[in-house]
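Participant: Quick one: structure below, then a few questions.
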Amino acid sequence: MKILVTAGPTREMIDQVRFLSNLSSGKTGYALAQTAHERGHEVVLISGPVNISPPEGIRFIAITSAAEMHQAALEVFDQVDAVIMTAAVADYRPATRYDGKMKKAPGPFQLDLVRTQDILADLGRKKTTQILIGFALEVANAELHGKRKLKQKNLDLIVLNGPENFGAENSSFRLIDHQGISAPRTVDKAGLALLLVTKAEEISHQAR
């Protein structure tokens, strides 16, 4: 298979030196890209800024913003058999990017934000035969929101997890597919990577 993996955070620039982002380390996505490559798949890795070197032998696309990741994902989507989207894409970006560096001023500062593109939802709308696997980071009513995202975004599988996974060596999660939800599990990043690549392989085999 040809597998697209997205990884890391995005950065939404406020000015030339400040940005909005999150705590994603990219470890899960890079482990997935490595595992998929080792199992003989052709891999495209689209990554936001992280402190990890990309695996050798894959196609690597470095991006910064949600808009750049959206464009890159759409450009390769028709060429791949599966997408595993681990990237923690910012939900909002500044409405206006300031030129240069903003100066401090007395009193409060208001930053107007607008929504970024929902990359996985857009891929779900374009989906033909591709396998789509996404992540849902939820705190309250996690199962309800996870099941809703699975259906609304036309996904095959969702990894439901929480904020404690950011930067952690192990991943705690449940899997949601159209048959139901699994029991909670905790494995290291390599274990999660192997599980998800295997799931993609199984879904592909069942579809034949």
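The values are calculated or read from the model by the stated rules, or taken from the named source; none is laboratory data. Model, not experiment: these values are computed from the prediction. Positions of Cβ are backbone-derived with ideal geometry, glycine not excepted, and every protein chain shown enters the neighbour counts.
Participant: Please identify the pairs in which a residue from region 126-141 that is β-branched (Val, Ile, Thr) has its Cβ atom under 6 Å from the Cβ atom of a residue that is at pLDDT below 95 and not in a loop (DSSP other than H, G, I, E, B), counting only partners at least 6 apart or on another chain.
Facilitator: Hits for this filter: Ile131/Ile203.
Participant: If you don't mind, there's one more thing I want to ask. Is one or more of the residues making up region 73-84 part of a strand (DSSP E or B) and among the aromatic types (Phe, Trp, Tyr)?
Facilitator: No, because not a single residue in region 73-84 is part of a strand (DSSP E or B) and among the aromatic types (Phe, Trp, Tyr).
Participant: Which ones in region 174-194 are within 22 Å of Ser24 (Cα to Cα), in a strand (DSSP E or B) and out of contact with any Asp or Glu (no Cβ under 9 Å at 6 or more places or on another chain)?
Facilitator: First pass over region 174-194, keeping only residues within 22 Å of Ser24 (Cα to Cα): 174-176, 184-194.
Checking the rest, the ones that are also in a strand (DSSP E or B) come to 174-176, 185-188.
Listed by number, the residues that qualify are Leu175, Arg185, Thr186, Val187.
Participant: When you go through (1) touching a residue at least 12 places away in the same chain (Cβ under 8 Å); (2) surrounded by fewer than 17 Cβ atoms within 10 Å (Cβ to Cβ); (3) within 29 Å of Ala207 (Cα to Cα) one by one for Ala95, which number turns out not to apply?
Facilitator: (3)
Participant: OK, next. Which of the following residues is more than 20 Å from Met69 (Cα to Cα), surrounded by 15 or more Cβ atoms within 10 Å (Cβ to Cβ), hydrophobic (A, V, I, L, M, F, W, C) and touching a helix residue (DSSP H, G or I) at 6+ places or on another chain (Cβ under 9 Å): Leu195, Leu160, Leu120? Lay out the reasoning, then the answer.
Facilitator: Values: Leu195 fails: touching a helix residue (DSSP H, G or I) at 6+ places or on another chain (Cβ under 9 Å); Leu120 fails: more than 20 Å from Met69 (Cα to Cα).
None of the others qualify; the one that does is Leu160.
Participant: Restricting to region 38-71, what's the tally of residues that are surrounded by fewer than 24 Cβ atoms within 10 Å (Cβ to Cβ) and either in contact with a Leu (Cβ under 9 Å, 6 or more places away or on another chain) or part of a strand (DSSP E or B) (or both)? Don't jump to the end; show me each part of the working.
Facilitator: Restricting attention to region 38-71, the residues satisfying the condition of being surrounded by fewer than 24 Cβ atoms within 10 Å (Cβ to Cβ) are 38-42, 44, 49-65, 67-68, 70-71.
After this cut, where a residue has to be either in contact with a Leu (Cβ under 9 Å, 6 or more places away or on another chain) or part of a strand (DSSP E or B) (or both) as well, the list is 39, 42, 44, 54-55, 58-62.
So the count comes out to 10.
Participant: Within region 130-158, track down each residue that is closer than 15 Å to His178 by Cβ, of a type outside the set (Gly, Ala, Ser) and not in a loop (DSSP other than H, G, I, E, B).
Facilitator: Across region 130-158, the qualifying residues are Ile131, Leu132, Ile133, Glu143, Lys147, Arg148, Lys149, Leu150, Lys151, Gln152, Leu157, Ile158.
Participant: Considering only residues that are assigned to a loop (DSSP other than H, G, I, E, B) and charged (D, E, K, R), which ones fall in region 17-37?
Facilitator: Looking only at region 17-37, we keep the residues that are assigned to a loop (DSSP other than H, G, I, E, B), and these are 17-18, 21-26.
Arg18 - this is the single residue of region 17-37 that is assigned to a loop (DSSP other than H, G, I, E, B) and charged (D, E, K, R).
Participant: Any residue at all in region 175-189 that's surrounded by 13 or more Cβ atoms within 10 Å (Cβ to Cβ), closer than 21 Å to Ala121 by Cα and in contact with a Leu (Cβ under 6 Å, 6 or more places away or on another chain)?
Facilitator: yes
Rundown of residues vs (1) surrounded by fewer than 21 Cβ atoms within 10 Å (Cβ to Cβ); (2) over 18 Å from the mean Cα position of the chain (by Cα); (3) assigned to a helix (DSSP H, G or I), yes/no style:
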site: Phe109; (1), (2), (3): yes, yes, no
site: Thr128; (1), (2), (3): yes, yes, no
site: Ser172; (1), (2), (3): yes, no, no
site: Lys199; (1), (2), (3): yes, no, yes
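Participant: Using beta carbons and a limit of 8 Å, which pairs, at least six apart or on different chains, have the first residue in region 183-208 and touching a residue at least 60 places away in the same chain (Cβ under 8 Å) and under 24 Å from Gln130 (Cβ atoms) and the second one of a type in the set (Asp, Glu) and surrounded by 12 or more Cβ atoms within 10 Å (Cβ to Cβ)?
Facilitator: Here the result reads Ile203/Asp156; Ser204/Asp81, each pair linking region 183-208 to a residue that is of a type in the set (Asp, Glu) and surrounded by 12 or more Cβ atoms within 10 Å (Cβ to Cβ).
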